Amino acid sequence: MTPLKISSEEIVLEYKLNTELDLNPMGNMHGGRMAYILDSVMTALASDFDKTDVNSLNFSVSYLNGISKDLDSFLVTAKIVKGGRAMAFLTADLR
């Protein structure tokens, strides 16, 4: 992943598609791989915000569109919606 924008409240990265690791047999990006990328980027942002180790307590993904092998790369964006002492609420998307 290549960082495009990094702040204490938002991260935007460019992810280069790896056809061997990312795609399922139908030629689309595997949903589990997309969830892994989202969780990893949100965890990195929350760790930087709180300066501590963090864990995902609740994680929900809505798949509106797939990512096909025709794309070379896509953007991963994560934002802190609300940060607190013990928990933070984040949102992320792949475009």
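Restricted to region 70-82, and to residues that are closer than 20 Å to LEU21 by Cβ and out of contact with any helix residue (DSSP H, G or I) (no Cβ under 6 Å at 6 or more places or on another chain), which residue is surrounded by the most Cβ atoms within 10 Å (Cβ to Cβ)? Restricting to residues being closer than 20 Å to LEU21 by Cβ and out of contact with any helix residue (DSSP H, G or I) (no Cβ under 6 Å at 6 or more places or on another chain), the top hit is PHE74. Among the residues of region 1-57, the one identified as of a type in the set (Phe, Trp, Tyr), touching a Ser or Thr at 6+ places or on another chain (Cβ under 8 Å) and open to solvent by 70 Å² or more (accessible area, probe 1.4 Å) is PHE49. Among the criteria (1) at pLDDT 90 or above; (2) open to solvent by 80 Å² or more (accessible area, probe 1.4 Å), the one ARG85 does not fulfil is (1). A search for C-beta distances below 8 Å between a residue of region 12-28 that is touching a residue at least 60 places away in the same chain (Cβ under 8 Å) and any residue that is of a type in the set (Phe, Trp, Tyr), counting only pairs 6+ apart in sequence or on different chains, returns GLU14/PHE74; TYR15/PHE74. Counting the residues of region 8-66 that are more than 15 Å from VAL76 (Cα to Cα) and among the aromatic types (Phe, Trp, Tyr) gives 2.
The values are calculated or read from the model by the stated rules, or taken from the named source; none is laboratory data. A quick note: this is a predicted structure, and the numbers were derived from the prediction, not measured. Every residue, glycine among them, receives a Cβ derived from its backbone with ideal geometry; neighbour counts consider all protein chains shown. The area values use the complete protein model at the heavy-atom level, side chains included, leaving out ligands, DNA and RNA. Shrake-Rupley method; radii C 1.70, N 1.55, O 1.52, S 1.80 Å.
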